[in-house]
Number of protein chains: 2
Amino acid sequence: MKISTRTRYGVRAMIEIARGEPDRGVFQKEIAINQSLSLKYLDHIIHALKTARLISNAKGKKSGYILTRKPSEITVFDIHRAFEPGICLVDCLSGTYKCDLSHGCMARGFWGELNNLILSYFRSVTLDDLMNRRVNLEDGLLSEDLKREEAQ
Amino acid sequence: MKISTRTRYGVRAMIEIARGEPDRGVFQKEIAINQSLSLKYLDHIIHALKTARLISNAKGKKSGYILTRKPSEITVFDIHRAFEPGICLVDCLSGTYKCDLSHGCMARGFWGELNNLILSYFRSVTLDDLMNRRVNLEDGLLSEDLKREEAQ
DNA sequence: CTTTGTCCTACTATTCTTATAGGATTAATA
DNA sequence: TATTAATCCTATAAGAATAGTAGGACAAAG
């Protein structure tokens, strides 16, 4: 279970664009340098974000990118959706999937709940929250928990 | 972001073993049939579960498997850990990783929180909960949300 | 008319997952 | 004791997905 780098880079690119001066757009090259990303790979990321209508060109093709909405109106879910069709941790959660466990799978509900958990989280955090670090509050707990993980 | 089939199968295998009669163990073949899994692939799953000391042979090698602990004392986290070293959605959350973003990455905390969220969830649900479907309560919400997902 | 940045397609390399194969070992049992 | 059935263990292959590179077309600014 990993977050894809395209989604991760996408979030970072969006933050970078959001941080840009209000009077001008942000160039791909600027994002690449500030976020230490390959210019060529970032190309794909930007393309996806644009297709998802989260960003647009500031003025013509040579004036960088700006957000199409306010940072407070763009959630991580929106960004994620630019790269993945949706959140589906387990195939059997999608409607089309046909499972042959007739007597009812006891695990399905569990995964569905987790799916909801992640979905809610993605929907609840905006680009504005990220920039103001409103999600870093429990950083202490985080490192503590992860250390315990790694110790194993 | 997908849950690996080995973890999924592992959970289902554990449920199957937990459901076994108290006086005898459950055979691999039984699990394979009841859960529609390949006997050979299940072989690996069982092996991992055994290495993690979650299951053991009932009596000698030919009497199937039993749980080493009560279902209420085995969490999904325990099962997951039998297959993956831990939960780490993003490499930069691990201590050893060196990131070159000197000015502090604004996304890291966000992913860390999600990591914690999943970790807590895994730790909070036991095999006993799964068997008694205590996680299926919000099934309605689940399907509703997923349908909205798929509609996009 | 050159440079710079965006746009777009194709391709490759690598990694990971999922599985299968084949056989060794052990224990019950006929 | 020979047979069967189950576990145990290693190797490997097939496949998909991801991450990243390459190359160039196009548009606009200087």
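Placing a label point 7 Å from the Cα of B:Arg133 along the Cα-to-Cβ direction, the distances to the matching points in the other copies come to 4.7 nm, shortest first. In plain terms, if you count all Cα to Cα distances in the protein assembly as shown and split them into 20 Å steps from zero, the share in each step is 30, 50, 18, 2 percent. Averaged over the residues of peptide A:41-54, the number of Cβ atoms from other protein chains lying within 10 Å of each residue's Cβ is 0.
Sorted shortest first, the distances from the A:Asp43 label point to those of the same residue in the other copies are 4.7 nm; each point sits 7 Å from Cα along Cα-to-Cβ.
Legend: mean number of C-beta atoms from other chains within 10 angstrom of residue C-beta atoms, peptide B:1-11, equals 5. A straight Cα-to-Cα reach below 25 Å connects B:Lys98 with the lysines A:Lys2, A:Lys29, A:Lys40, A:Lys147, residues fewer than 8 places away in its own chain not being considered.
From other protein chains only, count the Cβ atoms within 10 Å of every residue's Cβ in B:79-89, then give the mean. Kindly include the intermediate steps, with their values, before the conclusion.
On the way: counts 0, 1, 2, 0, 0, 1, 3, 7, 4, 6, 5.
Mean number of neighbouring Cβ atoms from other chains: 3.
None of the figures in this text is laboratory data; all of them are computed from the coordinates on show. Because the structure is a prediction, the values reported are computed rather than measured. Methodologically, a virtual Cβ is constructed for each residue, glycine included, from the backbone with ideal geometry; neighbour enumeration extends over all protein chains shown.
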